[in-house]
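Taking it in order: structure first as structure tokens, then the write-up.
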Amino acid sequence: VVPLQGCWSPGEPRALFALPSARGPLPAPRWPIECEVIKETIKHIEWVPPKAEPFCQPTDHQWLPVAEEQGTVVYQLSPVPSGSCFTRARAGGAPGPLSSAAVNLEGSQDNTLLFESRFESGNLQKAVKVGPYEYVLTLRPDLYTAKHTQWFYFRVQNTRKDTIYCFTIANLAKPKSLYGEGMCPLLYSQQDAQSHGIGWRRVGTNIRYYQGNEPAAFHLSWSTRFPHDGDTCYFAHSYPYTYSDLQRYLQAVAGDPVRSRYCAVRALCRSLAGNTVYMLTITGPPGAAAKRAVVLSARVHPGESVGSWAMQGFLDFILSAAPDAQLLRRLFVFKVVPMLNPDGVVVGNSRCSLAGRDPNRAYRTGSRGSFPAVWHLRAVVERLLAEREVVLYCDFHGHSRKNNVFMYGCNGGRDGSGTRLRERVFPLMLSKNAPDKFSFPSCKFKVQKSKEGTGRVVMWRMGIANSYTIEVAFGGSTLGGRNSHFTVEDLKSLGYHLCDTLLDFCDPNPAKFQQCLVEVDALLRQRLGSGGSWSDVPTSELESSTSGSDSSVSDGSL
């Protein structure tokens, strides 16, 4: 059992960090002792649909679920009190036998769905059957909080083929969602995966996102059919990417005699629960002495799994034998933290760590004991900046209210020098390299007071001029005539496009950079409706009044 402590001392043996070896079992995720965990290993196949999955038509369908008080509870977990706090953890979660969370079937004719979510990243708290094929669902809030319900991931068994089922999640936190603009939930059928090689796909009709009876509770309703009788199926908000998925990936890298030569997998620190926070150092010959650095991170918000898929796409490319990947390894030292908040990912949180707070507000003042990964990443960057230029910091996120991919940056030119607008060049280049996914007009560069504790702003204030959050929609793209959901392949391609853009951005020939700077200048003149100089316009007026961030419901700076 690991006490509430997230750092290592020089005298502590490194073996405690359980780095993934090329062979042997992976270290089991550590859970808070309040969490029950089933023994099964949940794994899903990767699959790309043969054709695009278009957004559905948003519906004004007025179907309202029967009040759950009139139904039967068919699945319920004991809630973790919101006023409590994390104390200790162990592999496998709560000791002792599992409780009976789901009802027992009363024979083969009983059509009740059997729900389960006591696995990595699962977070269903309760299911109430309110009709023969109708269920009202309650999500578990982030542990040790009473809020932040957005991510969902759960399993159903005992399905009936070709029957229309209706589901309503009754306690979502955000007033607006891409479900109101045609986004569909994801379904995974185990029978289809095993028999036909089909993985996650978008499903649902009569999808509706609306306010419930309580002011702070929003509902998501959808209808769907299951493809098989007696199947095991999963629903999710976005393509799951668990801590074990990451460990399997890193184990493959560590066991590859080629990739492991230029990718060192190390422990940045341990999380509060004792899970290893991994850091990768990627570079190639010659030595690192004169190289500039690039720092990338993902999954500070555990419910934003799209960030992990984009990060895996980056790692797939930068560790490949492609000529551009080799060139990037010759030019740069990459410091990569692919999962900053493994505890949150393990327990199925949306935003918080086991500290019960948003770690992406802790970069400025968060303590080493409460936010170990954030504290140690900042320390790594401080050391890097003392020895070399850091040309780029990018933190991968997901966005629930705007489609496409875009970036949030920080206004440059604070000293009145000629650096103004330069922070907009990298996002503009990325939009040219991924025109069917990346929206430059959606990018924002205003530094709001409420965002002072974020990684993006703190790294910028430390001296990284090109410091960004890359926001990836949970939905998909409305660009290039697409109007369709992102696939896993789309998400992974963002990692490649980031690499491609880094080469353009750092090209010794400044022509591309200067061309984009001129274009940014022209776009701003157009926005301000001024043919003359805008250089006297205050930075604050170059942006709309809000940053458009998906983090508006977070706690303030720590």
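The values are calculated or read from the model by the stated rules, or taken from the named source; none is laboratory data. Because the structure is a prediction, the values reported are computed rather than measured. Using ideal geometry, Cβ is built from the backbone for each residue, glycine included, and neighbour counts are taken over all protein chains shown. Note: accessible area is taken over every heavy atom of the protein model, side chains too, but ligands, DNA and RNA are not part of it. Shrake-Rupley method; radii C 1.70, N 1.55, O 1.52, S 1.80 Å.
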Subset of the stretch 478-500, residues under 17 Å from the mean Cα position of the chain (by Cα), open to solvent by less than 10 Å² (accessible area, probe 1.4 Å) and not hydrophobic (A, V, I, L, M, F, W, C), comes to HIS485, GLY495
Yes or no: VAL381 part of a helix (DSSP H, G or I), modelled with pLDDT of 95 or more, open to solvent by less than 10 Å² (accessible area, probe 1.4 Å) and closer than 26 Å to SER121 by Cβ? no
From the list ARG160, ARG140, exactly one residue is closer than 18 Å to TRP31 by Cα, assigned by the TED database to the domain that holds GLY71 and basic (Lys, Arg). Which is it? ARG140
Going by the structure shown, is PRO285 open to solvent by 10 Å² or more (accessible area, probe 1.4 Å), closer than 30 Å to GLY356 by Cα and in a loop (DSSP other than H, G, I, E, B)? no
Just one of the numbered conditions (1) more than 30 Å from ALA321 (Cα to Cα); (2) not assigned by the TED database to the domain that holds THR41 is not true of ARG201; which one? (2)
Checked the stretch 134-177 for anything surrounded by fewer than 21 Cβ atoms within 10 Å (Cβ to Cβ) and hydrophobic (A, V, I, L, M, F, W, C); matches are ALA146, ILE164, CYS166, ALA173
All but one of (1) touching a Gly at 6+ places or on another chain (Cβ under 6 Å); (2) surrounded by 24 or more Cβ atoms within 10 Å (Cβ to Cβ) hold for ARG330; which doesn't? (2)
For the stretch 203-245, enumerate the residues that are part of a loop (DSSP other than H, G, I, E, B) and at pLDDT below 95. GLY212, ASN213, GLU214, PRO215, ALA216, ALA217
Of these, ARG259, ARG266, which one is in contact with a helix residue (DSSP H, G or I) (Cβ under 7 Å, 6 or more places away or on another chain), under 30 Å from GLY284 (Cα atoms), in contact (Cβ under 8 Å) with a residue 24 or more places away in the chain and surrounded by fewer than 21 Cβ atoms within 10 Å (Cβ to Cβ)? ARG259
ALA355 open to solvent by less than 10 Å² (accessible area, probe 1.4 Å), small (Gly, Ala, Ser) and either more than 20 Å from LEU384 (Cβ to Cβ) or in a helix (DSSP H, G or I) (or both): no
Among the numbered conditions (1) surrounded by 12 or more Cβ atoms within 10 Å (Cβ to Cβ); (2) among the acidic types (Asp, Glu); (3) over 19 Å from SER353 (Cβ atoms), tell me where GLU120 comes up short. (3)
For ALA67, the lone unmet condition from (1) over 23 Å from the mean Cα position of the chain (by Cα); (2) open to solvent by less than 50 Å² (accessible area, probe 1.4 Å); (3) at pLDDT 95 or above is (3)
Members of the stretch 178-205 found to be within 16 Å of PHE152 (Cβ to Cβ), out of contact with any Asp or Glu (no Cβ under 9 Å at 6 or more places or on another chain) and in contact (Cβ under 8 Å) with a residue 24 or more places away in the chain, listed by number: LEU178, TYR179, MET183, PRO185, LEU186, LEU187, TYR188, GLY204
